[in-house]
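Okay, structure first, notes after.
The values are calculated or read from the model by the stated rules, or taken from the named source; none is laboratory data. Please read all numbers here as calculations on a predicted model, not as lab measurements. Ideal geometry is used to build each Cβ from the backbone, glycine not excepted, and the neighbour counts take in all protein chains shown. For accessibility, only protein heavy atoms count, side chains too; no ligands or nucleic acids. Shrake-Rupley method; radii C 1.70, N 1.55, O 1.52, S 1.80 Å.
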Amino acid sequence: SCPPWHHRQPEFTQVDLEMSFVAMRDVQDVVEGLLKAALAAAFGRELATPFPRMRYADAMRRFGSDKPDLRFGMELSELTDVLGGAAALSKALTAAAAANPAMGPPSVVGLAHVLC
């Protein structure tokens with residue numbers, strides 16, 4: 001007979017790590033090793049480690065979010081130099097909106113296969 005939690009999905013599973021006097025990198029290494037071993041055992045898939053990392057400040061500056069979706073390359077663009085002063089704001093926004101949005105995918109048409 002199956003235990004009462006057999007129907008739960010992996011993302012609802014909690015793992016408690018008992019670790020003392022460790023740095024953030026130590027915890028990341030343990031979790032990466034755990035996930036790498038679990039996926040290898042369950043699916044025969046190898047994960048490349050270390051996982052890509054991004055500092056909080058970099059994520060907020062580049063994407064405006066602490067959990068950026070890196071699949072589409074939609075980074076924020078700095079417009080300070082383009083906009084200059086308040087007098088040029090309207091003209092610059094009109095031109096930028098028509099040709100170069102501040103944030104947007106490289107090609108919306110190319111994403112059709114991902115979204116469907």
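Structure notes:
- The residue that is most open to solvent (accessible area, probe 1.4 Å), counting only those in region 50-71 that are within 24 Å of T13 (Cα to Cα) and without any contact (Cβ under 8 Å) to a residue 12 or more places away in the chain, is K67.
For every residue, the table says whether it meets (1) among the basic types (K, R); (2) at pLDDT 90 or above; (3) open to solvent by less than 90 Å² (accessible area, probe 1.4 Å); (4) not in a loop (DSSP other than H, G, I, E, B).
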site: Q14; (1), (2), (3), (4): no, no, no, no
site: M19; (1), (2), (3), (4): no, yes, yes, no
site: A48; (1), (2), (3), (4): no, yes, yes, no
site: G73; (1), (2), (3), (4): no, no, yes, no
site: V82; (1), (2), (3), (4): no, no, no, yes
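- Hey, A87 loosely packed, with under 12 Cβ neighbours inside 10 Å and modelled with pLDDT under 90 or not: yes
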